[in-house]
Amino acid sequence: MDAAKTSDDESVAQRREGMRLLARATLGELSTAWDAIADKPEVAPVRGPETGLVMVRGKIGGGGDAFNLGEATVSRATVRLSTGEVGHGQLLGTDKARARFAAIFDALFQNGAHRASVEALHEQVAARLDAEDRRKAEETAATRVDFFTMVRGED
Amino acid sequence: MYVAVKGGETAIANAHRLLADRRRGDRSLPAITIEQVVEQLGLAVDRVMAEASLYDRALAALAVRQARGDMIEAIFILRAYRTTLPRFGYSEPVDTARMKVERRVSATYKDLPGGQLLGPTFDYTHRLLDPSLIGEEAVDEPTLKEPGEPVMRVSDILDGEGLIEGDGQMPEGHVAGDLTREPMEFPMARDLRLQALARGDEGFLLALAYSTQRGYGRTHPFVGEVRIGEVEVELELPELGFAVSLGAIRVTECQMVNQFKGSAKQPPQFTRGYGLVFGQSERKAMSMSLVDRALRTDEFDEDIVAPAEDQEFVISHADNVQATGFVEHLKLPHYVDFQAELDLVRRMRREHDAARAGGKDGMKEAAE
């Protein structure tokens, strides 16, 4: 029971992380990965792709109770593969094509035969994001102030 | 009384055609692209997103271009656009402690974990016009350095001594209100006030914040910290039963720390004002935090003595789309209203003149 729950938690965590990465994948990354897949299953739309709004919430004082900060555009799609898996894609912005691809890859991730190629896409996106984050962090670090104390003159 | 009149269709069509022409400007110059607005006028885009209360850089840039750079017009257009979209849900509250910080400065601590990170700031520039920007001179790549330790929250440092109030808590069971769903009512809870301030007009909030500094409701403020950077937006998916990340948005957060001498209910301590704004907008986040603190009079047994402390005054007038709608509607035809007023003034004038004439002849007409 416990072991089953742990592996369940683990697969949820993997899928969540995969969806996080798919939400950030570029259209180029997604379409290239799709083109590379052999034996593509048929993809049927279940919902969308469609664009709407999510109300982004903040926390009072940064860590307190929630308040509504403002909305953001979000595009989402749900698809069903001919092999049976249902996938969800959702991301900031109005790009419905990316949302549809994200849903397809979320579905493919649940299919043993395609899992490895989806993981390869995840890794590719993760590597790009890490490099971008790293670069930004280095740019910011270069603007850090190094204080030094002036020696006061005697009299 | 409203009377329907027709006419003006051709004039309106031609006016809009002329607007499109003026918007395009000199055809021998290349048209500005949305990508150029996003990349090179990014802070204008950020202001439009913040005050339209809709985070979408490309759409905000389109609005800026469509409005010929008129910010409030752009905000109006984007605010109107958001009403055409369905609402998918409410995000998990964003966690600014986990922000990927691009700038963070504190005015209260010189040496603090994470340090003073200036980021891409106008501070310390000389505000001299730069002729090199007239042309297309090459721009240097930024300097890179090994990142240091994680950036710690200033409020957590003060919290360790117990000398500062905690993050804001609403009463038990309180559900965050949403201005886009419910009409405004006063008194208004802090969560709703923050939503209104977050989309309030930057100039209005700046002026109110300034008024508190000049003595109209003193709050003894220090910038505990200002930070700018990206935070993840997560949405719970009911189909799956867990929250997934939709991507990241850039926000500016200000923690204002205010001296407080204590009241019957509370010991002397620091109190706080909070600002959180879409995009990079330090002026707005700082103004918001000052006004947030000024509006918390009821929590600290303070008298309302200044405009910035009067929540009905502040919140009712902070929205520039509402404000511009009501002010600018005055230029629309009021022909009938004015005719009525003109009639009235003419009659009053006749009576006034008659009364004066009557005054000379005796008092008999004054009795009328």
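A short reminder: the numbers here are calculations on the coordinates, not readings from a lab. These numbers were taken from a predicted model, which means no experiment stands behind them. In this analysis, Cβ positions are derived from the backbone assuming ideal geometry, glycine residues included, and neighbour counts consider all displayed protein chains.
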How long are the three semi-axes of the equivalent ellipsoid for region B:3-82, computed from the Cα gyration tensor as the root of 5 times each eigenvalue, in whole Å, largest first? 26, 19, 8
With +1 on the Cβ of every Lys and Arg and -1 on the Cβ of every Asp and Glu, the dipole magnitude of chain B about its Cα centre, in debye rounded to the nearest 20, is 1380
Unsatisfied cross-links (Cα-Cα over 28 Å) in the set B:145/B:284; A:96/B:284; B:284/B:331; A:59/B:265; B:110/B:261: B:145/B:284; A:96/B:284; B:284/B:331
Using R₀ = 22 Å, calculate the FRET efficiency as 1/(1 + (r/R₀)^6) where r is the Cβ-Cβ separation of residue B:70 and residue B:129; round to 0.05. 0.45
On a full-extension model of 0.36 nm per residue, what is the gain between residue B:100 and residue B:18, subtracting their alpha-carbon distance, rounded to one decimal in nm? 25.0 nm
Over all residues in B:115-125, what is the mean tally of Cβ atoms on other chains that come within 10 Å of each residue's Cβ? 3
From Cα pairs below 8 angstrom and at least 6 apart in sequence, can you work out the relative contact order of region A:1-97, rounded to a whole percent? 26
Rounded to whole angstroms and listed largest first, the alpha-carbon spread of chain B along its three principal axes comes to 92, 68, 55
Note down the magnitude of the dipole of region A:14-142 about its Cα centre, charges +1 on Lys and Arg C-beta and -1 on Asp and Glu C-beta and zero elsewhere, to the nearest 20 debye. 300
If one compares the long axis through the Cα atoms of helix A:96-109 with the longest principal axis of the Cα atoms of chain A, the angle in degrees, nearest 10, works out at 70
Need one value for B:222-229: mean number of C-beta atoms belonging to other chains within 10 Å of its residues' C-beta atoms. 1
Ratio of the Cα radius of gyration of chain A to 2.2 N^0.38 Å, where N counts its residues: 1.44
Just tell me the longest site-free run in chain B, where the sites are chymotrypsin sites (Phe, Trp or Tyr not before Pro) in a DSSP loop having at most 12 other beta-carbon atoms within 10 Å. B:125-368
Please get the size of the charge dipole for region B:142-182, origin at its Cα centre, with Cβ charges of +1 on Lys and Arg and -1 on Asp and Glu, quoted in debye to the nearest 20. 240
Viscosity 1.306 mPa s, temperature 10 °C: give me the Stokes-Einstein translational D for region B:143-205 in µm²/s, with Rh taken as the Kirkwood radius over C-alpha pairs. 102
Other chains near B:242-253: what is the mean number of their Cβ atoms within 10 Å of each residue's Cβ? 6
Do you know the relative contact order of region B:137-277, to the nearest whole percent, from alpha carbon pairs under 8 angstrom that are 6+ apart? 20
Kirkwood-type radius of the protein assembly as shown, with distances r between different C-alpha atoms, in Å: 26.8
Test of the criteria: in region B:57-161, which trypsin sites (Lys or Arg not before Pro) are in a DSSP loop and have at most 11 other Cβ atoms within 10 angstrom of their Cβ? B:110, B:127
So how compact is region B:261-365: Cα radius of gyration and Dmax in angstrom? 26.0, 75
Cα-based Rg of region B:226-320 per 2.2 N^0.38 Å, rounded to two decimals? 1.39
Once the Cα atoms of helix B:202-213 and of chain B are each reduced to a long axis, what angle between those two axes, in degrees from 0 to 90 to the nearest 10, is obtained? 80
